[in-house]
Amino acid sequence: MGEGSTDTPQGVGRGGRATSHVPVLLKEAIDFLAVRRGGIYIDATVGLGGHSYEIAKRLGAPGHLIGLDKDPAALEVAKGKVVVGRSSLVVGESDWPTVTLLNRSFAEIAKGNKPATIDGILADIGVSSLQLDDAARGFSFQADGPLDMRMDPRGERTAEQVVNHLDERQLADVIYEFGEERRSRRIARAICRSRPIRSTAHLADVISAAARPMNQAERRIHPATKTFQALRIFVNRELEDLQALLEAAPRILKPGGRVVVISFHSLEDRIVKDAFREGASNGYLSVLTKKPVTATELESDRNPRARSAKLRAAEKV
Ligand SMILES: C[S@@+](CC[C@H](N)C(=O)[O-])C[C@H]1O[C@@H](n2cnc3c(N)ncnc32)[C@H](O)[C@@H]1O
């Protein structure tokens, strides 16, 4: 089990805006990863570096932490924390591992014929507070911004293209499949009638007018929540990337190496559960979490984002 102490990363976002991000299920993730000093670890979703920092602290020299993120803005913030930052104040520079940060999708881990050299992989998937809080990135219906939603600014499709160019049926399918939104057809029809839609506020208004809550559960969340989730997942190919990572993990992990995934909605959690179950039935993974690990009440109270988090872990046999 890892050490109990954890830090909260602070960084500076685009335009010098201070950002704070509280890593979710930090102690649990680090404990399940069971970091071996001097090993090779992949943080597939560096974000603002919260989990990476704790991994690096335990890894020490001559360990190697490879951190990936699709979002170059996140890596800029993480760099200060994980590569230089406070590292030397904590353990001394000589005992800090080599840290390589790469602006790549974790789906790329699946490419090529890589040898089984990795001691552990962490993936804390989904969107970061840096992305959500920046209206110009277009992830949130809470603030008006362009309909972008790309984690990787070089990504080939934006939410604006999806919203304005898919036909009504395709759009309804996306909203249903990736948002599990029962009102998908009604919403898709309203979107198509309101085109062109260029901003998050305009889209949220169109959805709110089309999809009145039908029961108490629907009244508890903003009517646009599920559609925005669906568009984000589709724009960023999130489920395909996750599948690719989970297929590659058992190939690149050393025996005894661990893969830990934190997900934030049922679609992702199902993919992780099924992949681990398949790995176990084929005899190349041992599942360490019979049920997903969730946040304590205290963590959920302090960090609302933790409420929906589910952690699953497995070990390469
Ligand atoms: C929830 S945040 C990670 C937060 C991080 N664990 C921390 O403590 O700061 C998720 C990050 O994963 C990145 N991401 C999502 N999908 C990705 C993918 N396929 N490849 C690489 N990074 C991805 C996002 O850009 C985002 O920065």
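The values are calculated or read from the model by the stated rules, or taken from the named source; none is laboratory data. What you are looking at is a predicted structure, and each value in this text was computed from that prediction instead of being measured. Don't worry about glycine lacking a Cβ; one is built from the backbone with ideal geometry, like all the others, and counts go over all protein chains shown. In case anyone asks, the SASA skips ligands and DNA or RNA and just uses the protein heavy atoms, side chains included. Shrake-Rupley method; radii C 1.70, N 1.55, O 1.52, S 1.80 Å.
Within the straight-line cut-off of under 16 Å between alpha carbons, the lysines reachable from Lys79 are Lys57, Lys70, sequence neighbours fewer than 8 places apart in one chain being disregarded. Computed from the Kirkwood radius of its Cα pairs, the Stokes-Einstein diffusion coefficient for segment 272-317 at 10 °C and 1.306 mPa s stands at 137 µm²/s.
Starting from one equal scatterer on each C-alpha and no solvent at all, send me the Debye-based log10 I(q)/I(0) for segment 239-317 at q = 0.16, 0.20, 0.21, 0.28 Å⁻¹, two decimals. Relative scattering, expressed as log10 I(q)/I(0), comes to -0.58, -0.84, -0.90, -1.31.
Over the chain, accessible surface divided per residue gives 46 Å², non-protein components excluded, 1.4 Å probe.
Between Ala143 and Asp167, residue separation times 0.36 nm minus the direct Cα-Cα distance comes to 6.0 nm. The GluC sites (Glu not before Pro) of segment 203-304 include none that meets both conditions, a loop assignment by DSSP and at most 10 other Cβ atoms within 10 Å of the site Cβ. Debye-formula intensities of the chain, expressed as log10 I(q)/I(0) at q = 0.14, 0.15 Å⁻¹, are -1.09, -1.22 (one equal scatterer per alpha-carbon, no solvent).
On the chain, 50 percent of the accessible area sits on carbon and sulfur atoms, based on a 1.4 Å probe. Among Phe32, Val22, Ala313, flag the residue with its Cα farthest along the positive direction of the charge dipole of the chain, charges on Cβ as +1 for Lys/Arg and -1 for Asp/Glu. Most positive-ward Cα: Ala313.
Summarised in one figure, the compactness ratio Rg/Rh of segment 130-170, Cα atoms and Kirkwood Rh, is 1.01. Volume per residue of the convex hull around the Cα atoms, evaluated for segment 33-169, comes out as 135 Å³. Full extension of the segment from Ser94 to Leu298, taken as 0.36 nm per residue of separation minus the current Cα-Cα distance, would add 69.8 nm. Binning the C-alpha pair distances of segment 144-283 at 10 Å intervals from 0 yields a P(r) profile of 11, 37, 28, 16, 7, 1 %, listed from the shortest bin outward. Within the shell defined by Cβ-Cβ distances under 9 Å, the residues around Asp119 carry a net charge of +3, with Lys and Arg each +1 and Asp and Glu each -1. The order of Ile271, Ile221 by accessible area, most exposed first and with a 1.4 Å probe, is Ile221, Ile271.
Quick one: work out the % antiparallel among DSSP beta bridges in the chain, nearest 5. Counting DSSP beta bridges with both partners in the chain, the antiparallel share is about 45 percent. Helical content alone sets the calculated 222 nm signal of the chain at -11500 deg cm²/dmol, taking -39,500 (n - 2.57) per DSSP H segment of four or more residues and averaging over every residue. Computed from the Cβ-Cβ distance with R0 of 51 Å, the FRET efficiency linking Asn113 to Arg219 stands at 0.50.
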